[in-house]
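Remarks on the structure that follows.
The values are calculated or read from the model by the stated rules, or taken from the named source; none is laboratory data. As the structure is a prediction and not an experimental result, all values here were calculated from the model. Every residue, glycine among them, receives a Cβ derived from its backbone with ideal geometry; neighbour counts consider all protein chains shown.
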Amino acid sequence: MRKIFAAIVLATLTIGFVGAPASAQENISPAEHKRLFREGAQLWPVYCNTCHNARPGSEKAPYEWDLIIMHMRTLGNLPAGDVRALVEYLKAR
Amino acid sequence: MPGRRIFSIFLLAFGLVALSLVGLARAADSDGSAADLKEIKSEMRQLREERKRDREVIHSLEIKVQQLETKDSKVETTTQQLHATDQKLKETTVELQQTNAQVQTLQTKVDAPIAASEFGDAISRYLGTHSFTVAGAAGGSFNYDQQSGALDGVSHVSQNSFFFDWEPMFLYRPTDWIMFEGVISTAFGSTGTGADLSTADFQIFLNDYMTVVAGLFDQPFGDWYESQSPMWVNRFVTAPLPFGAEAVVPGGEIGVQLRGGMQFGALGQDVDYTVWGGNGPNFSSNVLGAAVSSPTAVANSQTNGKSIGARFRIYPLPVDSQMGRLELGASTYNGKWANGNWFNSWGVDFNYFIGNLQARGEWMESYRQMPEGMGSDNRQGWYVQAGYFLNDLNVPGFPDKLNGYLHRFEPLVRYSGVNQRAVSTDDIAGATGVGQGGFQTGLVPDFGINGSPATYAPHAREVALALDYWITPSIVWQNEFDLELPQNGGAFVSPSGAVTPAGPIPNDRAFLSQFTIGF
């Protein structure tokens, strides 16, 4: 058991440090903004309703969505690209 | 020669006359010199006076010239000052024009509606790079349970009471790849007012496919504990039986997770994984049927076993297919308890929704190796539920307003059950205090718990009917009617280990009404 646990921790650290920080905000073009918004509009009713009623973006301030979407990304294991689209959509509403 | 004589005589006479005239002239001169001298003196005086006057005039003129020069200098200075003032005035005029232009620009900006993104960015700058918010839920409920059946000599009476629960979730985000999350459960429940730490963990987003979660977390086994247990998310007031009084798998863990998800096909076609290790399972006692306990509920020194778990889920339907969203998942959680005895569990789950219809279900099984040659402690549990929003229901003849109210209703039904070899009577009596972690304590209702004795039956069954009224997507008034329909079989175990067959257990009924706000 200890060996398995140690192996998990070691693998996590190794693979994790190889990868780049996940959610680093990049400067994206207006066209990319639009693409993310459209994709977010498609995903919002699907991903959110999988577990609970989809809540409108107007309920929270944009900075709050940054936190809540991180919480939901972890809880729902949402793909990172889809998370960027969702937060773009939620912040714009 | 007479001519020469005449000429000489004439010349001589002329000479004599001339000399006489000179003598006369000299005499006259000596008489006029005094007068002339006076006159000259007088003239000289006049000249001196005139000179004096001229000097005075010159002096006066010089003074005037000096005065004029002084005045001229002053005029020149004044002129320069005027010039400088004029220059400043021009500069001030330019500045004023620029200020006016800026004011005009600002006025235009003020008058023009600010873009939401710009406003958001401004607020974000104001708030700083470290952000913090509070989410969570609060709810108040009234629970009634008929408690129509007895259980192995445990006394009981009909129960009804009000409860309140507040579960704030604190989110702190120091960077865009690290977050801290903590949930505190505070309640006025059957054991009085109390607070409990539900979850507290760090989340580190290593890359697009890997997130590390470290701390105290809900068990990532199936869907219930993690995603369905929040009161505003759960469509029912109560938990399904496998997650209630006789939980099949522990509800929480302290340890480390690695998790992530990725798209494998079209948009919406995803797979995800969660693997974790932790302190391992705990139980209220070493007898058969002892309740599982959360890591924070029971201080147990028997924690050397540790645990590992894994869950995989797949979402095969693309968003564009218009076929709804389907989730299929499988989980396992294994570890050692009591410093050496194995606990193994596994389960499968599904979730499907399309339009106004949503259905989900889980099936799970656990095996607990018992000490001292006792038979193994096996448990099974399941639930399946479905709900339908009446969004599109328009009753002919009903006013629009009434139809509008109807649209907010969601009727639901759920069937759940548990099979286990035995149940510990200590847990039924509430002696173990396991309920502090969110599980049932004894035969009393609590927030989200109906407290029915029938839920402690080794082969418990429950049909729950609910009618939710959604005021907003996260504010709901829920009403639930529970039919407890326990099956025969199984046994009760005393703290000493004595086993008594359960025998027939009466059916029971309960009603719960709860108002919940998710925030």
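Among the residues here, residue B:149 does not qualify as surrounded by 15 or more Cβ atoms within 10 Å (Cβ to Cβ) and modelled with pLDDT of 95 or more.
Residues in the stretch A:35-57 that are touching a Phe, Trp or Tyr at 6+ places or on another chain (Cβ under 8 Å) and more than 10 Å from chain B (Cβ to nearest Cβ): how many? Qualifying residue count, the stretch A:35-57: 5. Contact annotation: no residue pair with Cβ atoms under 9 Å, 6 or more positions apart or on different chains, pairs a residue in the stretch B:308-327 that is more than 10 Å from chain A (Cβ to nearest Cβ) and on the phi > 0 side of the Ramachandran plot with a partner that is crowded, with 18+ Cβ neighbours inside 10 Å and β-branched (Val, Ile, Thr).
Here residue B:355 qualifies as over 18 Å from residue A:82 (Cβ atoms), surrounded by fewer than 17 Cβ atoms within 10 Å (Cβ to Cβ) and within 32 Å of the chain's Cα centre (by Cα).
Only one of the numbered conditions (1) over 26 Å from residue B:319 (Cα atoms); (2) surrounded by 23 or more Cβ atoms within 10 Å (Cβ to Cβ); (3) in contact with a Lys or Arg (Cβ under 9 Å, 6 or more places away or on another chain); (4) not polar (S, T, N, Q) is not met by residue B:239, and that is (3). The residues of the stretch B:203-236 that are under 24 Å from residue B:483 (Cα atoms) and in contact with a Leu (Cβ under 7 Å, 6 or more places away or on another chain), listed by number, are B:235, B:236.
With respect to being β-branched (Val, Ile, Thr), buried (at least 23 other Cβ atoms within 10 Å of the Cβ) and part of a helix (DSSP H, G or I), residue A:83 fits the description. Taken over the stretch B:362-407, the criterion of being of a type in the set (S, T, N, Q) and within 35 Å of the chain's Cα centre (by Cα) is satisfied by B:385, B:391. Of all residues in the stretch A:58-75, those satisfying the criterion of being facing chain B (nearest Cβ under 7 Å) and in a helix (DSSP H, G or I) are A:62, A:63, A:64, A:66, A:67, A:68, A:70, A:71, A:74, A:75.
One residue stands out in the stretch B:224-257 among those that are acidic (Asp, Glu) and over 26 Å from the mean Cα position of the chain (by Cα): the one that is farthest from the other protein chains (Cβ to nearest Cβ), namely B:246. Beta carbons closer than 7 Å, at least 6 apart along the sequence or on distinct chains, pair a first residue in the stretch A:56-72 that is surrounded by fewer than 20 Cβ atoms within 10 Å (Cβ to Cβ) with a second that is of a type in the set (Asp, Glu) for A:71/B:181.
Across the stretch A:38-93, the number of residues qualifying as over 15 Å from residue B:133 (Cβ atoms) and not aromatic (Phe, Trp, Tyr) comes to 34.
Criterion applied to B:268, B:280, B:260 was being assigned to a loop (DSSP other than H, G, I, E, B), crowded, with 23+ Cβ neighbours inside 10 Å, facing another protein chain (nearest Cβ under 10 Å) and not aliphatic (A, V, I, L, M), and the one residue passing it is B:280. For the stretch B:380-389, indicate whether the set of residues that are part of a loop (DSSP other than H, G, I, E, B) and either hydrophobic (A, V, I, L, M, F, W, C) or in contact with a helix residue (DSSP H, G or I) (Cβ under 9 Å, 6 or more places away or on another chain) (or both) is non-empty. Yes, the stretch B:380-389 has at least one match.
Among the residues of the stretch B:307-319, those that are more than 18 Å from residue B:224 (Cα to Cα) and touching a Leu at 6+ places or on another chain (Cβ under 7 Å) comprise B:316, B:317, B:318, B:319. Just so you know, in the stretch B:478-519 the residues that are in a strand (DSSP E or B) and within 14 Å of chain A (Cβ to nearest Cβ) include one that is surrounded by the fewest Cβ atoms within 10 Å (Cβ to Cβ), and it is B:517.
Annotation for the stretch A:38-52: at least one member residue is more than 13 Å from residue A:88 (Cα to Cα) and not in a helix (DSSP H, G or I).
Output the residues belonging to the stretch B:170-185 that are touching a Gly at 6+ places or on another chain (Cβ under 9 Å) and touching a residue at least 24 places away in the same chain (Cβ under 8 Å). Hits for the stretch B:170-185 are B:170, B:171, B:172, B:183, B:185.
Name every residue in the stretch B:190-213 that is more than 10 Å from every other protein chain (Cβ to nearest Cβ), of a type outside the set (Phe, Trp, Tyr) and either within 24 Å of the chain's Cα centre (by Cα) or within 17 Å of residue B:230 (Cα to Cα) (or both), in order of residue number. Scanning the stretch B:190-213 gives B:195, B:196, B:197, B:198, B:199, B:200.
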